[in-house]
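Structure first, then comments.
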Amino acid sequence: DQQVKQNSPSLSVQEGRISILNCDYTNSMFDYFLWYKKYPAEGPTFLISISSIKDKNEDGRFTVFLNKSAKHLSLHIVPSQPGDSAVYFCAASAVHQFYFGTGTSLTVIP
Amino acid sequence: NAGVTQTPKFRVLKTGQSMTLLCAQDMNHEYMYWYRQDPGMGLRLIHYSVGEGTTAKGEVPDGYNVSRLKKQNFLLGLESAAPSQTSVYFCASSYRMGTRGDQPQHFGDGTRLSIL
């Protein structure tokens, strides 16, 4: 069973608007959550993370929100830029292992 | 800055053949990981290592073996390749994690493997 789920395979947003990517998880033992960005033919690159003891973490245009009671996290990108077009993976960690979602392909339209 | 380097980048094998994928990192990371990425499945952990000379199984270890003889290298072996192992393989490394998984992973660019 998929422990980390990204239910939206794709998302299109106009340049300058907000992009919201969602992720749900099932395992309450996860203690850290991370977002990675992936361009075609490249490996994922780390974007932002959040500890399970926090509910928000911000880094420039990127903000991650965590709702532990709902087992839900989201990534907000404001303002969205064409260079943000990529596949975004959320991941959750427990001990030494990371569990990844299936990814959401974001397209930012100029 | 090489980071994490995977070789080869592409390979085509016939069913039953064997091969080894090499991952090398120059960041002095303790932890190394092998993942496979399949359509609609995200990245799934095959094996990982928390230090030189150690290996452990991940979510999908069957059909694969690994070795970590040197800190900077992590090898993934397919003893008898099967079509179900057609995938894109990613290697990753990270610093030692504490009790919380707070060290992000650095990924290589992947190896695209096709088994005919």
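The values are calculated or read from the model by the stated rules, or taken from the named source; none is laboratory data. From a predicted model like this one, the values you see are computed outputs, not experimental measurements. Because the Cβ atoms are built from the backbone with ideal geometry, glycine has one as well, and the counts that use them run over all protein chains shown. Surface accessibility is based on the protein's heavy atoms, side chains included, excluding ligands, DNA and RNA. Shrake-Rupley method; radii C 1.70, N 1.55, O 1.52, S 1.80 Å.
For B:VAL12, tell me the accessible area in Å² from a 1.4 Å probe, rounded to the nearest 10.
B:VAL12 has an accessible surface of roughly 90 Å² with all protein chains in place.
At a 1.4 Å probe radius, carbon and sulfur cover how many percent of the accessible area of chain A? Before the final figure, lay out each step's value.
Numbers: 2580 of 5200 Å².
Carbon-and-sulfur percentage of accessible area, whole number: 50.
Could you rank the peptides A:13-21, B:86-94 by their average count of other C-beta atoms within 10 Å per residue, with the highest value first?
Highest-to-lowest ranking by the protection proxy: B:86-94, A:13-21.
What average number of partner chain Cβ atoms lie no more than 10 Å from the Cβ of the residues making up A:44-50?
4
Chain pair B, A: how much accessible area is buried, both chains summed, with a 1.4 Å probe, in Å² to 100? Intermediate results must be reported in sequence, preceding the final value.
On the way: alone 6510 and 6170 Å², together 10730 Å².
Buried area (both sides, nearest 100 Å²): 2000 Å².
If you build a Gaussian network model of chain B, linking Cα atoms that sit under 10 Å apart, which residue out of B:LEU43, B:LEU76, B:LEU21 swings the most?
Fluctuation is largest for B:LEU43.
Tell me the per residue accessible area of chain B using a 1.4 Å probe; a whole number in Å² is fine. Could the numbers behind the result be given before it?
On the way: 5530 Å² over 116 residues.
Roughly 48 Å² per residue, with all protein chains present.
If you count only protein heavy atoms and use a 1.4 Å probe, how large is the accessible surface of B:ASP109, to the nearest 10 Å²?
Ignoring ligands and nucleic acids, B:ASP109 comes out at about 80 Å².
What is the average number of partner chain Cβ atoms found within 10 Å of a Cβ in B:37-45?
Details: counts 7, 1, 1, 3, 4, 12, 12, 3, 5.
Counting Cβ atoms of other protein chains within 10 Å of each residue's Cβ and averaging gives 5.
Which one, B:MET19, B:MET41, B:MET27, has the greatest fluctuation when you compute a Gaussian network model over chain B with C-alpha springs under 10 angstrom?
Looking only at B:MET19, B:MET41, B:MET27, the largest GNM fluctuation is found for B:MET41.
Just which residues of the stretch A:84-104 lose 20 Å² or more accessible area with every protein chain there, against their chain alone, with the probe set to 1.4 Å?
A:PHE89, A:VAL95, A:HIS96, A:GLN97, A:PHE98, A:TYR99, A:PHE100, A:THR102
Sticking with the crude label model, points 7 Å out along Cα→Cβ, report the distance from A:ASN67 to A:GLN81 in nm, one decimal please.
It works out to 3.0 nm between the two label points.
Using a 1.4 Å probe on the protein chains only, how many percent of the accessible area of the stretch B:4-115 belongs to carbon and sulfur?
Reported share for carbon and sulfur atoms: 51 percent.
Calculate, for chain A, the solvent-accessible area per residue in square angstrom, rolling a 1.4 angstrom probe over the heavy atoms of the protein chains.
47 Å²
Each residue of the stretch B:43-60 in order: what ³J(HN,Hα) in whole Hz does its phi give by Karplus 6.51 cos²θ - 1.76 cosθ + 1.60, θ = phi - 60°, with x for Gly and Pro?
After applying 6.51 cos²θ - 1.76 cosθ + 1.60, I find 9, 10, 6, 8, 9, 8, 9, 9, x, 3, x, 10, 9, 8, 7, x, 6, 10 Hz.
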